[in-house]
Amino acid sequence: MLNNDILQNIKNYYDVYWGINSIYENWAKHHDLTINSLFTLYLIYENPGHCTLSFLCEKLLFPKQTINTILDSFEEKGYLVRETSAKDKRSKNILLTKAGGQYAASLLTELLNFEQEAFLQMSSAEREGMMNGNFAFYHNLKEALEKSEKQSGGIR
């Protein structure tokens, strides 16, 4: 039987999750991006020299076609290049050009300032509580899925 208090917590969590995503989507739109292209750019910028299509797909949980469309758009603007990996000739490293690095640095600094402003409105205890709560939920959700997979023999 489902616990009504827990169900309400889950619904509230979804509202917050979707609300935060909506804020990022609106911020991205004001910068002629989508939330998907914003976070793709973030990962490329934060992982210089270690960024591949499979890495982006794994981190963002997007299909290859979605990532490739985003990469094509950034490449057309001169923001990135794709170079064959020395380690695996079948893979391409995704690298920001000088213009792409400058664009990403400027954009992501503006985003970080926006996020920092929100965090500064919270007390240290609220920030720590948010991070601890999110980590605990992530950890417990992962364990619940693994337990379910073991019991059922895999994901359905």
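A few comments on the model shown:
- Search result, residues across region 93-114 that are farther than 26 Å from residue 29 by Cβ and surrounded by fewer than 17 Cβ atoms within 10 Å (Cβ to Cβ): 95, 98
- Residue 11 vs. criteria loosely packed, with under 13 Cβ neighbours inside 10 Å, basic (Lys, Arg) and out of contact with any Gly (no Cβ under 7 Å at 6 or more places or on another chain): yes
- Some residue of region 93-108 being aromatic (Phe, Trp, Tyr) and part of a loop (DSSP other than H, G, I, E, B): no
- The residue that is nearest to residue 95 (Cα to Cα), among those in region 1-44 that are assigned to a helix (DSSP H, G or I) and touching a residue at least 60 places away in the same chain (Cβ under 8 Å), is 44.
So that you can scan it fast, the table gives a plain yes or no per residue for (1) modelled with pLDDT of 95 or more; (2) within 19 Å of the chain's Cα centre (by Cα); (3) charged (D, E, K, R):
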residue: 69; (1), (2), (3): yes, yes, no
residue: 78; (1), (2), (3): yes, no, no
residue: 85; (1), (2), (3): no, no, no
residue: 90; (1), (2), (3): no, no, yes
residue: 94; (1), (2), (3): yes, yes, no
residue: 102; (1), (2), (3): yes, no, no
residue: 107; (1), (2), (3): yes, yes, no
residue: 112; (1), (2), (3): yes, yes, no
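- Subset tally (residues that are surrounded by 14 or more Cβ atoms within 10 Å (Cβ to Cβ) and part of a loop (DSSP other than H, G, I, E, B)) for region 47-84: 4
The values are calculated or read from the model by the stated rules, or taken from the named source; none is laboratory data. Since this is a predicted model, take the numbers as computed values, not measurements. Every residue, glycine as well, gets a Cβ built from its backbone with ideal geometry; the counts of neighbours run over all protein chains shown.
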